[in-house]
Amino acid sequence: MSDDDFFSVVHRQRACREFSERDVPDVLVAQVLDAAVFAPSAENHQPWDFVVVRDANLRARLGDLFKQAWIGGGREFSAPRVPPALLANVDAGMDGGFASAPVMIVVCADAERTLNVTVPSSIFPATQNLLLAATALGLGSALTTITTLFADDMRQLLGLPEHLQPVAVVPLGWPAKPLGPPRRDPFADHTHRDRYGTAW
């Protein structure tokens, strides 16, 4: 991959909340997972575990957890700060859009292979690699964490041992429609030279 290809992928990566029914071959799932495990991790303990959920019943149950968490307080919490169009898009994702993804990857942290304080610095770089790899392959994906409010339900549903902490769920599939570019502020709007307040 050239530098241009890499930056093109970075500039295209965005959340997908509506998926087509088209299947995602295991070889592509393997590619995104291979990219994930090349992320840095605290002390190189690589504390990630991934549960690839294809079973329709399990995906539906995870979809119910999305909906339950959103209706049970997530929407009310987000609504005052989220523009109406984005809120409607998230509504659609929580109300079945995510559950329509043919694959859900549950990203877990192994408490026996890391300290609790280093879970985010290990797990989220791996998840970002996964998202970028999905974009490079033309797949849609989204980083979601709201279902982890029901960690015990997820443990029971997926047979997770007690030392595995679910940290994120990444729906993965072919986008139902073109996603368009993400909307981001220019980096210079949030960058300072030497001291805060000195423009880049």
Quick one: if you stick a label point 7 Å off each Cα along the C-beta vector at E21 and S8, how many nm between them? 3.2 nm
Ordering 81-93, 13-25, 179-191, 99-111 by per-residue average of other C-beta atoms within 10 angstrom, highest first, gives 99-111, 13-25, 81-93, 179-191
In a Gaussian network model of the chain with springs linking alpha carbons closer than 10 Å, the residue among G72, G96, G173 that fluctuates most is G72
Where does segment 51-133 land on Rg/Rh, using Cα atoms and the Kirkwood Rh? 1.02
Charges at C-beta only: +1 for Lys and Arg, -1 for Asp and Glu. How large is the resulting dipole of the chain about its Cα centre, in Debye rounded to 20? 560 debye
Given (1) 64, 29, 24; (2) 74, 42, 27; (3) 52, 41, 36, which label gives Cα extents along the principal axes in Å as computed from the coordinates? (3)
Once both label points are put 7 Å beyond Cα along the C-beta direction, the E76-D34 separation in nm becomes 4.7 nm
Using a Förster distance of 25 angstrom, determine the FRET efficiency expected from the C-beta separation of E162 and L115, and round it to 0.05. 0.90
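No lab work stands behind these numbers, since they all come straight from the coordinates. Note that the coordinates shown come from a computational prediction; the quantities given were computed from them, not determined experimentally. Note that we place each Cβ from the backbone using ideal geometry, even for glycine, and neighbour counts take in every protein chain shown.
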